[in-house]
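Engineer: Have a look at this one.
Derivation of every value follows stated rules applied to the coordinates shown; laboratory data play no part. Keep in mind that this is a model prediction, so the values were computed, not measured. A quick note on method: Cβ atoms are made from the backbone with ideal geometry, for glycine too, and the neighbour counts reach across all protein chains shown.
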Amino acid sequence: MSELTAIRGMNDILPSETPSWQYVERAVENVLASYGYAEIRMPLVEKTALFQRSIGAVTDIVEKEMYSFDDRNGDSMTLRPEGTAGCVRAAIQRGLLGSPQRLWYAGPMFRYERPQKGRQRQFHQIGVESFGVPTPDMDTELILLCDRLWQRLGIADSVSLQLNSIGNLPSREAYRDALVCYLEKRLDQLDEDSRRRLDSNPLRILDSKNKATQALLCEAPRLADYLDDDARSHFSRLCDLLDAVGVSYTVNERLVRGLDYYNKTVFEWVTDQLGAQGAVCAGGRYDGLVLQLGGKAVPAVGFAMGMERLVLLLQEHGSVQERPEADIYVVSAGSEAQREALVATQALRVAFPDLCIQQHVGGGSLKSQMKKADKSGASLALIWGEDEVADNSVSVKFLRENAVGQARQINVATNRLEKTVRSFYAS
Ligand code: ATP
Ligand code: MG
């Protein structure tokens, strides 16, 4: 029988890693709340047609990365590969298309990709979507929100912003024809992947990492030359506003993004510190998608960031402080002492809801319990033995050197314990 291990590309996030995850999640939640975004939670599974109709049938995701299956009724379902489609579906269905409607969500996404550092089959995104506002001030807000978050996480120096405008559909269609015409004359110089895309999704060729193809593209027609006035002025206003607040960016004319639904603004926050997996956050405007999925013509813009990559970046910077397993460790010898300790500990938990108080479990000698106390990283050990039970007291051992520089032990009356603990943490 084969071993029952986790599925390739689907990782356990271990207790040693969850502090970094929680650190990022809390920071994101705080920043989003401070910008007035509300959380929405969508199902992990949606009808396959939702993704086909939004992401685009000839994209990498839909062509080869989706986990799709028929349910018992024979209907095709898909584990969500991204959050925008489900969020738009929910916004249409539940009437959340106010102007502006600011939403965010977080959770696992599923794509059948080749697993490597920063690339999993189950990965996690935090996504932000805004509905109802067609003007570039909205695009600006989303980018500023990201920038604020990088500052908050202490990784602002590790990421940089790439920006482009891909205009509206007629512009892209005109450009597509020009690009295909140019490339068809140079087929022999195109890599295999790009040749395949020439029929299905030629704009993605701009994204090619192949050196020869990149060189070929230097002389190719430019998408920027095909934009209409509306897209042009939208983009230049966005750039103006970013300049005004001092957020730096690079205009990358080849940035096109891998999903079909974008128009006008597209952007990516990239880092050079994670090898090939350089994109930590990506998004853009998708004014046509709500209508395309059966809603009203409501403009929208959004982005998603990859949690795995953010956590990796954060770990490289060591900005997450590790907390000890416990702040206070409670030990006792004998059943009466254990009872006293339990009662006092319950009272302490009420008085100090933010402290981690661990009551020793499983018995053992006082000596072995104290070893555990020490190992836990706690600052205080509270000790109940026969003597303490006899005179209603508790021994408090200061396990770490305090400001006075002395580790020491004192005995206090049980009814003064709370005060003692409070003054310890106040000092
Ligand atoms: P990539 O070019 O790295 O494949 P993408 O363009 O497919 O990224 P998006 O669909 O825009 O990615 O998703 C937004 C973000 O989610 C990415 O910038 C990245 O940080 C993260 N992400 C995407 N796919 C994965 C994955 N398989 N594993 C981990 N993170 C991912
Ligand atoms: Mg991808």
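Engineer: Need one word for the chain: rounded, prolate or oblate. Basis is the Cα gyration tensor (sqrt eigenvalues a ≥ b ≥ c); a/c below 1.5 gives rounded, then a/b vs b/c decides.
Structural biologist: In terms of gyration-tensor shape, prolate.
Engineer: Indicate the gyration tensor shape class of the range 328-426 (rounded, prolate or oblate), computed on the Cα atoms with a ≥ b ≥ c the square roots of the eigenvalues: a/c under 1.5 is rounded; otherwise a/b larger than b/c is prolate and the rest oblate.
Structural biologist: Note, shape of the range 328-426 comes out rounded.
Engineer: Related question: Please identify the DSSP H helices in the chain that span no less than 20 Å along the helix axis (Cα) and have a mean Kyte-Doolittle hydropathy of 0.0 or more.
Structural biologist: Span-like helices in the chain: 335-351.
Engineer: For the range 1-80 and the range 313-388, what is the separation of their Cα centres, given in Å?
Structural biologist: Going from one Cα centre to the other spans 38 Å.
Engineer: Count the lysine pairs in the chain that are 8 or more places apart or on different chains: how many have C-alpha atoms under 24 angstrom apart?
Structural biologist: Lysine pairs meeting the criterion: 16.
Engineer: Right, something else. Can you pull the one-decimal nm distance between simple spin-label points at ALA49 and LYS367, each 7 Å off the Cα toward Cβ?
Structural biologist: 7.4
Engineer: Another one. For the chain, with a Gaussian network of springs between Cα atoms less than 10 Å apart, report the residue from ILE126, ILE61, ILE383 with the top mean-square fluctuation.
Structural biologist: Of ILE126, ILE61, ILE383, the Gaussian network model singles out ILE383 as fluctuating most.
Engineer: Among GLY302, GLY283, GLY294, determine the one that fluctuates most according to a GNM of the chain built with springs between C-alpha atoms less than 10 Å apart.
Structural biologist: GLY294
Engineer: Just flag the GluC sites (Glu not before Pro) in the range 320-352 sitting in loop per DSSP whose Cβ has no more than 10 other Cβ atoms within 10 Å. Before the final figure, lay out each step's value.
Structural biologist: Values: sites: GLU322, GLU325, GLU336, GLU340; in loops: GLU322, GLU325.
Listed in order of number, the matching sites are GLU322.
Engineer: Once you put a point 7 Å from the Cα of SER76 and another 7 Å from the Cα of GLU336, both along the Cβ direction, what distance in nm separates them?
Structural biologist: It works out to 7.4 nm between the two label points.
Engineer: Further question on the same structure: Taking the Cα-to-Cβ direction at SER423 and at ASP193 and moving 7 Å from each Cα, how far apart do the two end points lie in nm?
Structural biologist: 6.7
Engineer: Which of GLU192, GLU82, GLU25 ends up with the largest GNM mean-square fluctuation for the chain, with Cα atoms connected below 10 Å?
Structural biologist: GLU192
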